[in-house]
1. Of the conditions (1) open to solvent by 30 Å² or more (accessible area, probe 1.4 Å); (2) among the β-branched types (Val, Ile, Thr); (3) under 22 Å from His157 (Cα atoms), Thr70 clears all except one; give me its number.
2. Of the conditions (1) outside any loop (DSSP other than H, G, I, E, B); (2) touching a residue at least 60 places away in the same chain (Cβ under 8 Å); (3) in contact with a Cys (Cβ under 9 Å, 6 or more places away or on another chain), Gly303 satisfies every one except a single condition; which number is it?
3. List the pairs whose first member sits in the stretch 55-76 and is on the phi > 0 side of the Ramachandran plot, whose second member is buried (at least 16 other Cβ atoms within 10 Å of the Cβ) and part of a helix (DSSP H, G or I), and whose Cβ atoms are under 7 Å apart, counting only residues at least 6 apart or on separate chains?
4. Across the stretch 306-317, which residue is most open to solvent (accessible area, probe 1.4 Å) among those that are under 20 Å from Val172 (Cα atoms) and free of Cβ contacts under 8 Å to residues at least 12 places away in the same chain?
5. Considering only residues that are without any contact (Cβ under 8 Å) to a residue 40 or more places away in the chain and open to solvent by 40 Å² or more (accessible area, probe 1.4 Å), which ones fall in the stretch 272-291?
6. Quick check: is even one residue across the stretch 318-338 open to solvent by 40 Å² or more (accessible area, probe 1.4 Å), in contact (Cβ under 8 Å) with a residue 12 or more places away in the chain, within 25 Å of Glu176 (Cβ to Cβ) and part of a loop (DSSP other than H, G, I, E, B)?
7. Go through the stretch 386-405 residue by residue and tally those that are among the aliphatic types (A, V, I, L, M), open to solvent by 40 Å² or more (accessible area, probe 1.4 Å) and in a loop (DSSP other than H, G, I, E, B).
8. Do you know which residues across the stretch 249-275 are within 25 Å of Lys148 (Cβ to Cβ), in a loop (DSSP other than H, G, I, E, B) and not hydroxyl-bearing (Ser, Thr, Tyr)?
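The values are calculated or read from the model by the stated rules, or taken from the named source; none is laboratory data. From a predicted model like this one, the values you see are computed outputs, not experimental measurements. Cβ coordinates were reconstructed from backbone atoms using ideal geometry, including for glycine residues, and neighbour counts include every protein chain displayed. SASA here: full protein model, heavy atoms, side chains in, ligands and nucleic acids out. Shrake-Rupley method; radii C 1.70, N 1.55, O 1.52, S 1.80 Å.
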Amino acid sequence: MSLENKVKKMGLGHEEGFGAPCLKCKEKCEGFELHYWRKICRNCKCGQEEHDIPSSSEEDRKVGKLLEDTKYTTLIAKLKNDNIPLYKRNVMILTSPVPAKKNITIDTVTYEWAPPVQNQTLAKQYMQMLPKEKQPVAGSEGAQYRKKQLAKQLPAHDQDPSKCHELSPSEVRHMEQFVKKYKREALGVGDVKLPGDVEVRAPDENNLKNGGGRGTSSAVGTMETSPNQKASQYSCYRCKLNMKEGDPAVYAERAGYDKLWHPGCFVCCTCGELLVDMIYFWKNGNLYCGRHYCDSERPRCAGCDELIFSNEYTLAEGQNWHLKHFCCFDCDCVLAGITYITVNDKPVCKSCYMKNHAVICQGCHNAIDPEVQRVSYNNFNWHAKRECFLCSCCSKCLIGQKFISMEGMLFCSVACKEKMMS
């Protein structure tokens, strides 16, 4: 079976993705080609989110599936003859007249996502409170940021067994139970409201776990429900600064309506990134993105990026691995029982290390075996033996001796240096 067929069968990519350039390392990437289980490009080793692959429909399906069987079904729809739910992403288009010399032109700004509120002015205020580089204006840096965060924060393989690599029936069953549990107990979508318009409510844990209902009213915290209360009496749960009067806030129902956040403070407690499309996971008094909530609940394989649902897995280099995925990052050979070297936190077999990563000896110009001694100085390297680490003029061995270095050459004395330079 060809690589492309493998990818399509697993549902990990799509036809138009192949050949898309990498935004991170354009010089060395020949186009996106998905590794069949690592979730990275075979050519440049970067993630799919780093490649300019048009995939808004795929993202909408992923988010639609995430919100399926939750209280947020108003945000999804199912098309005719298609049982897969589709995320009804709220796209906001703002127009404003711009005076010109002869005629008035219309300036149009399209936000690829906006809070699903009826009051467009409130949505516009929310957007303006985000850092400009993170506002998802079509064709902008902010739109790319949102796309990248959708891939990073909400990986499809954290919710859909069909996106994973060769799960056993037992692993599929455990994963499905895990997904149902986090939908029932942790998943939520933020609300954008003016603080004065919100009645203080504590989260009804039993009701939320059953996936329905709103919080129950109660006098919680320091906020009051007086209609004359000003925004300055409300403080952000994250930065603790007061809200400005008239500014919208973000609420998380699972946290309770006694808590609120500035739009720019509604972030994951682990990675600090804006929670994409305000999709959050609430646990122990903290907001998480999907990825880091799952990381707090299950081990994640450093090889395939999937959560581990098998009883047996290995711990190496401070990371978790499926037994079958503790492989060389270059050639995919299994590393169990053989020598490997870590390169940029990735395990590499000795053969690939010598071929692709080993430093070169300035003396003999051969790759230096990682298991032999070497001398390093000013980014230059030598075998630690008399025939390599020697004076470039008189060939005196310099191991354990003082030396002078110049552009990768070594000298035992000023006289040898001057003689070589003359």
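1. Tallying (1) open to solvent by 30 Å² or more (accessible area, probe 1.4 Å); (2) among the β-branched types (Val, Ile, Thr); (3) under 22 Å from His157 (Cα atoms), Thr70 fails exactly one: (1).
2. Only one criterion in (1) outside any loop (DSSP other than H, G, I, E, B); (2) touching a residue at least 60 places away in the same chain (Cβ under 8 Å); (3) in contact with a Cys (Cβ under 9 Å, 6 or more places away or on another chain) is unmet by Gly303, namely (1).
3. Correct list of pairs: Asp69/Lys183.
4. First, pick out the residues of the stretch 306-317 that are under 20 Å from Val172 (Cα atoms): 306-314.
Next, only the ones that are free of Cβ contacts under 8 Å to residues at least 12 places away in the same chain stay: 311-312.
Details: Asn311: 155, Glu312: 131 Å².
Applying the filter and picking the extreme gives Asn311.
5. Those that are without any contact (Cβ under 8 Å) to a residue 40 or more places away in the chain and open to solvent by 40 Å² or more (accessible area, probe 1.4 Å): Asn284, Asn286.
6. Checking the stretch 318-338: not a single residue is open to solvent by 40 Å² or more (accessible area, probe 1.4 Å), in contact (Cβ under 8 Å) with a residue 12 or more places away in the chain, within 25 Å of Glu176 (Cβ to Cβ) and part of a loop (DSSP other than H, G, I, E, B).
7. So the answer is 1.
8. Of everything in the stretch 249-275, those that are within 25 Å of Lys148 (Cβ to Cβ), in a loop (DSSP other than H, G, I, E, B) and not hydroxyl-bearing (Ser, Thr, Tyr) turn out to be Ala252, His262, Phe266, Cys268, Cys269, Cys271, Gly272, Glu273, Leu275.
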